[in-house]
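The values are calculated or read from the model by the stated rules, or taken from the named source; none is laboratory data. Everything quoted here is computed from the prediction, not taken from an experiment. When we count neighbours, we look across all protein chains shown, and the Cβ atoms used for this are built from the backbone with ideal geometry, even at glycine. Heavy atoms of the whole protein, side chains included, go into the accessibility calculation; ligands, DNA and RNA do not. Shrake-Rupley method; radii C 1.70, N 1.55, O 1.52, S 1.80 Å.
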Amino acid sequence: PACGSRHPTACEPPTTSRALTVVAFASAQVGKPYCWGGTGSHCFDCSGLVQTAWSTAGEKVPRTTGDIAHTLQEIPTDEVRAGDILWWPGHVGIYTGYGWMVDALNSRSGVVRRPAKDTYRAFRHSGE
C-alpha cells in the first residue's frame, strides 16, 4: 500500500535489531497472566513486561511508568516505531508495529496484543 493518510501505518520508520528482539520477546508473552509487580517469567505487570523485554536486548529500562517518563527520550506519538514504549498515566506497553501493541493489560486480560489507540505519550530507549 502507498504511504499517506489512507494507509497511515504502511510507512513506519525502520527500527533496530534490538527493538525487534524486544518485540519478539513481548509477543511471545501474549497469553500469560497479569500479576501486580510481575517481571516474568510466569506473569507480568505492564512495566515489568517492558523492563524484562528490554533486558532481553541488553538494555535497562526503569521499573515504573513514572520513572520511564522521567528517564527515557520522549518522541512524538506519530513517529513511533516497533520497540518504542507507549505510555499512559499508570500504564505502558510495547509498540509492535503497524498500529499494534503488546501489554500486560490487567488481571482479567493478562498479556495481550491489541490495537495501539489513543497513545498519551511515547518513549524510545536512548540506545535506539
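Accessible surface computed residue by residue for the chain, with neighbouring protein chains in place and a 1.4 Å probe, gives 52 Å² per residue.
Once divided by 2.2 N^0.38 Å, the Cα radius of gyration of segment 55-110 becomes 1.14.
Taken about its Cα centre, the chain carries a charge dipole of about 320 debye when Lys and Arg each add +1 at the Cβ and Asp and Glu each add -1 at the Cβ. Each stretch of four or more DSSP H residues adds -39500 (n - 2.57); spread over every residue of the chain, this sum gives -7000 deg cm²/dmol at 222 nm. For percent of Cα pairs over 22 Å apart, the value computed from the atomic coordinates appears in the list [x] 43; [y] 50; [z] 27 under label [z]. Protein heavy-atom surface of segment 1-127, 1.4 angstrom probe: 52% of the accessible area is carbon and sulfur, with nucleic acids and ligands not counted.
Magnitude of the charge dipole for segment 64-121, about its Cα centre and with charges confined to Cβ atoms of Lys, Arg (+1) and Asp, Glu (-1), is about 300 debye. State the answer as a single residue: which of Val92, Val111, Gly66 lies farthest towards the positive end of the charge dipole of the chain, with beta carbon charges of +1 for Lys and Arg and -1 for Asp and Glu, about the Cα centre. Of Val92, Val111, Gly66, it is Val111.
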